[in-house]
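The values are calculated or read from the model by the stated rules, or taken from the named source; none is laboratory data. Remember, predicted model here, so these are calculated numbers, not experimental data. Counting neighbours? That spans all protein chains shown, and the Cβs are built from the backbone with ideal geometry, glycine included.
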Amino acid sequence: MWKLAGIFLLYFPALAQAGAQIYEPLSASVKAVMQRAVSDRAVPRLAVSSEIEGKAWLTTMTKRLEKRIPNQRVRDDFLTTVHYEAIRAGLDPQLVLSVIQVESGFKKYAVSIAGARGYMQVMPFWAREIGVSEHNLFHLRTNLRYGCTILRHYLDIEKGSYFRALGRYNGSLGRADYPDLVISVWNGTWAYPLATADGASFRQGG
């Protein structure tokens with residue numbers, strides 16, 4: 001089953017699994033928290049406890065991503081931004097890489113049938129809800145900031161259940177195909193024992 005899914009992702013990366021986060025009214029307090037989360041513009045950096053650890057992670061991940069993003073400068077900038085935005089949102093960077101692989105196949109300008117945009121396939125209504133309508137969801141940092149913030153929001157709603165949070169993210173809550181695929185990619189392609197700058201470690205999905 002996963003072999004067939006992998007073949008589909010290879011040839012149709014922009015449309016393979018891209019879903020559509022469903023609009024749900026947010027309370028004023030939740031909206032305020034998410035608005036603050038997308039407004040910070042600090043320079044992305046690897047949030048690790050040592051330079052050696054950061055270099056080891058980047059070296060490992062850049063090799064895995066080389067065929068999908070051939071330009072090393074672009075690839076390293078992409079990975080640094082993924083790492084920074086994931087850790088900032090309290091997410092495993094490998095989970096975020098898995099979502100990107102399944103959602104867009106690492107295509108910056110991917111657009112789903114439902115209108116979701118960019119690497120993490122963010123629906124445009126989120127810019128109106130928690131940001132500003134002028135935000136460009138194809139911009140690397142903007143797209144990752146929104147995507148990580150939204151996924152963190154869904155994880156909080158689902159009390160840490162990756163399966164249900166991923167279903168919400170894809171707009172397929174209650175169906176197993178999408179969360180099972182992301183978790184399979186997370187535990188396989190992107191598995192890496194990463195410790196964050198504060199010494200905490202992430203548990204792989206399951």
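This table checks each residue for (1) modelled with pLDDT of 95 or more; (2) within 14 Å of the chain's Cα centre (by Cα); (3) not in a loop (DSSP other than H, G, I, E, B).
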{"residue": "Arg141", "(1), (2), (3)": "no, yes, yes"}
{"residue": "Tyr146", "(1), (2), (3)": "no, yes, yes"}
{"residue": "Ile150", "(1), (2), (3)": "no, yes, yes"}
{"residue": "Arg175", "(1), (2), (3)": "no, no, no"}
{"residue": "Asp180", "(1), (2), (3)": "yes, no, yes"}
{"residue": "Val185", "(1), (2), (3)": "yes, yes, yes"}
{"residue": "Asp198", "(1), (2), (3)": "no, no, no"}
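If you go through the range 120-130 one residue at a time, do you hit one that is out of contact with any Ser or Thr (no Cβ under 7 Å at 6 or more places or on another chain) and of a type in the set (Phe, Trp, Tyr)? Yes, the range 120-130 contains a residue that is out of contact with any Ser or Thr (no Cβ under 7 Å at 6 or more places or on another chain) and of a type in the set (Phe, Trp, Tyr).
State whether the residues of the range 117-132 include one that is free of Cβ contacts under 8 Å to residues at least 12 places away in the same chain and either on the phi < 0 side of the Ramachandran plot or not in a loop (DSSP other than H, G, I, E, B) (or both).
Applying the first criterion (free of Cβ contacts under 8 Å to residues at least 12 places away in the same chain) to the range 117-132 yields 128, 132.
Filter again for either on the phi < 0 side of the Ramachandran plot or not in a loop (DSSP other than H, G, I, E, B) (or both), leaving 128, 132.
Yes, the range 117-132 contains a residue that is free of Cβ contacts under 8 Å to residues at least 12 places away in the same chain and either on the phi < 0 side of the Ramachandran plot or not in a loop (DSSP other than H, G, I, E, B) (or both).
When you go through Arg64, Arg41, Arg68 one by one, which is the residue that is of a type in the set (Lys, Arg) and at pLDDT below 75? Break it down stepwise before answering.
Details: Arg64 fails: at pLDDT below 75; Arg68 fails: at pLDDT below 75.
Being of a type in the set (Lys, Arg) and at pLDDT below 75 holds for just one of Arg64, Arg41, Arg68, which is Arg41.
Any residue at all in the range 102-120 that is hydroxyl-bearing (Ser, Thr, Tyr), at pLDDT 95 or above, over 15 Å from the mean Cα position of the chain (by Cα) and within 21 Å of Asp177 (Cα to Cα)? Taking every residue of the range 102-120 in turn, none turns out to be hydroxyl-bearing (Ser, Thr, Tyr), at pLDDT 95 or above, over 15 Å from the mean Cα position of the chain (by Cα) and within 21 Å of Asp177 (Cα to Cα).
Screening the range 155-186 for residues that are hydroxyl-bearing (Ser, Thr, Tyr) and farther than 21 Å from Thr81 by Cβ and picking the one that is surrounded by the fewest Cβ atoms within 10 Å (Cβ to Cβ) gives Ser161. In the set Glu158, Glu103, only one residue is under 21 Å from Val185 (Cβ atoms) and without any contact (Cβ under 8 Å) to a residue 12 or more places away in the chain; that residue is Glu158. The single condition among (1) small (Gly, Ala, Ser); (2) part of a helix (DSSP H, G or I); (3) more than 18 Å from the chain's Cα centre (by Cα); (4) modelled with pLDDT under 75 that Ala32 does not satisfy is (4).
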